[in-house]
1. The conditions are (1) within 21 Å of SER202 (Cβ to Cβ); (2) part of a loop (DSSP other than H, G, I, E, B), and ASP121 fails exactly one of them. Which is it?
2. Filter segment 393-422 down to the residues that are assigned to a loop (DSSP other than H, G, I, E, B) and under 30 Å from the mean Cα position of the chain (by Cα), then identify the one that is surrounded by the fewest Cβ atoms within 10 Å (Cβ to Cβ).
3. For segment 326-364, what are the residues that are acidic (Asp, Glu), in a loop (DSSP other than H, G, I, E, B) and closer than 19 Å to VAL229 by Cβ?
4. In segment 131-161, which residues are among the polar types (S, T, N, Q) and in a strand (DSSP E or B)?
5. Checking VAL192 against (1) in a loop (DSSP other than H, G, I, E, B); (2) surrounded by 20 or more Cβ atoms within 10 Å (Cβ to Cβ), only one condition comes out false. Which one?
6. Quick one: in segment 326-361, which of the residues that are among the acidic types (Asp, Glu) and over 15 Å from ALA385 (Cα atoms) is surrounded by the most Cβ atoms within 10 Å (Cβ to Cβ)?
7. With the requirement that a residue be closer than 13 Å to ARG201 by Cβ and either touching a Cys at 6+ places or on another chain (Cβ under 8 Å) or among the basic types (Lys, Arg) (or both), what does segment 137-175 give you?
8. Take VAL323 and tell me if it is buried (at least 23 other Cβ atoms within 10 Å of the Cβ), touching a Lys or Arg at 6+ places or on another chain (Cβ under 7 Å), of a type outside the set (Ser, Thr, Tyr) and under 21 Å from VAL425 (Cβ atoms).
Amino acid sequence: MTERTGTFGARDLSDTRLTRTSAGSLTGERTEVTSARSRRLVGAAVRASRAWAATRTALSLAWTWVRRTVRPAGVLAVATATVGLGAGLVFGWVEALVAGVAALVLLALSAPFLFQARTYDVDLALAHERVVTGAGVQATVTIRNTGRRPALPGRIDVPVGAGLVEFGVPLLRPGASSAQVLELPPQPRGIVRIGPATTVRSDPIGLLRREHAFGDVHDLYVHPRTVPVPSTSAGLIRDLDGNPTSRLVDADMSFHAIREYAPGDSRRQVHWKSTAKTGRLMVRQYEESRRSRMAVVLGLDDAEYETDAEFELAVSAASSLAVRAVRDARDLDVVVGAEIPRVVRGRLRAIRHIPTTAPRTVLDGFSGVDRLTDTMRFVDVCRLAAEANEHLSIAVLVTGSKVGVGVLRQAALAFPADAATVAVVCDERAHPRTQVLGALTVITIGTLDDLAGLLLRGAGS
């Protein structure tokens, strides 16, 4: 709104401005105040708001510092000093005054122990970043005084997963260092976060405490336990009854061996160097390439397993088979279930692939798997794995004791009819056995050694 003054209708620009708000972008806007008085009021309100925000921030930081620094015993000492000095000075109570002075002296004596908390330089190093479950690992913590004055004794806390390892630090002269070797306790399978190391300074009484965390954090890969299993070329390529496959063809590109010429062999496959050495006609023999395509499917549904130990047995069995396939240079795909939010269950299908570039990467991937409550059924996981892998020759399904034979048969139907399908059922209460149910072979194991024994029996038959 504008005011007109004078006969010529001139605008009193000193008293009036048009209010205008522009939104030229989604991130900014401009507002002008209508009058000088309003501008002063708005300016004062803005300054007051900013001052209050800064005060709240300062109070929050101060409270955070007090909460982290003053221990329960320190709170008691502060309360005693405040109440005792106040009561002694106001009412003349000598006992209260003495108690207040004593508490104040204790707080004053405790304060020097908090100084120079950040003059430490802490280096955390692991002897091994990958271990097998049940094995411990050594960690070396090197503390160096980077200040110009001696560093008072303190303590170092090193978080190890959900646990905590602590040790004392002696008095360090400027430039001096101290190395502490820690024997970390065995960790369960998983990816265990170690660090950051935290310096802790506290007085002997425990009134005050100061901490400073360093950024040195390590991930310890705790691999599942594995056992040597027969080569997939000697064992899983067989039908697990001991009968070697006859699907060896000469027209494939996957070289297998040199053998003596038989009637009907193509002359193009004659290996002339071997023929010259042996004096007999020798030909190249090829393994059908479809036989080198293998999938290992591990179910993660919590409802499939009776106990945590049973699930760990399944992870170890799948890991052993996958590592063997990688070492045999098989075209391998390791598939596990993926977590699916409850709100989209039934409308979303998802699986997760574990890298198979090397045995170490396979074991790293198995270190990170865990039982899931919100995931697809085992049958659906197998179907999606079959869709993601064409021309499979071998499918190994690893699951727990709560998955029945009917479910296993249904899961096996998801794979090609000419593919060898093997189900490994982990049941700690069962005796090891092998069942042939049509095109599906079911291996039941109670321990990890049972897996190697059954496969060796099949390979050696």
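1. (2)
2. Among residues in segment 393-422 that are assigned to a loop (DSSP other than H, G, I, E, B) and under 30 Å from the mean Cα position of the chain (by Cα), the one surrounded by the fewest Cβ atoms within 10 Å (Cβ to Cβ) is LYS402.
3. ASP328
4. Passing the criteria: GLN138, THR140, THR142, ASN145.
5. So the condition that VAL192 fails would be (1).
6. Here the residue is ASP328.
7. ARG155
8. no
The values are calculated or read from the model by the stated rules, or taken from the named source; none is laboratory data. Note that the coordinates shown come from a computational prediction; the quantities given were computed from them, not determined experimentally. Every residue, glycine as well, gets a Cβ built from its backbone with ideal geometry; the counts of neighbours run over all protein chains shown.
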